[in-house]
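Notes follow once the structure below has been shown.
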Amino acid sequence: PNLDHPELEEFLSLLAGLDRRSGEDVPDKIGTVRCNTAVTLEAGTEYLLWGKLPKDTRLSPGLTVMSEPTTSHSAPRGILVARALTQLWGDRFVPLKILNASSCPVTIRRNAKLADVYTCLAMEDLVMQDVTCSYQATTEKGTVDSTAENNDCLQERLKSVGLGDLDLQSCDVSDGWRRKLADLVISYEDVFSRH
């Protein structure tokens, strides 16, 4: 690059994604994303919601960040916030993937804390969990004893990933569908918060 124009060099490094963060140190947490306006989420639906970082947040446009469910106790209940990687831009808006897991509509109030934003210098910053589960498939014509064993096995599998409080026995479905639901919950257990 031309050394006579430092602004040009800075601009090119910004476009290339080489400028990670302005400032001396790289903070762990950038800020907490809040909801801009009040939003009502319909039951059992997934949304893309744009939240905003506070005005006093120091930004580096083009910085790759990771958004996770907020650790704040004032977070809205009944919603799941997905962990996501995204790039910051100068407007402080951050896209969030939100699921209303409840059976009734949930209203998220204005300025509700939704997600915490952290720096992510590499994909290795994400902690991936290896979840290996094995169970023996049974036929739908099983006896009451085998049904009880299957239910205990499902609870043990859920407990192994920290979801032992989830009550699959109250689902009014067959054992086969209950197993499929448990498999689905376990495969996506690290994506959503546990609020």
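The values are calculated or read from the model by the stated rules, or taken from the named source; none is laboratory data. Model, not experiment: these values are computed from the prediction. Neighbour counts are summed over all protein chains in view; Cβ atoms, including those assigned to glycine, are modelled from backbone coordinates with ideal geometry.
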Exactly one condition in (1) modelled with pLDDT of 80 or more; (2) closer than 24 Å to L96 by Cα is not met by D190; state its number. (1)
Does the range 1-48 hold any residues that are under 30 Å from H73 (Cβ atoms), part of a loop (DSSP other than H, G, I, E, B) and at pLDDT 70 or above, and which are they? D28, N36, T37, A38, E42, A43, G44, T45
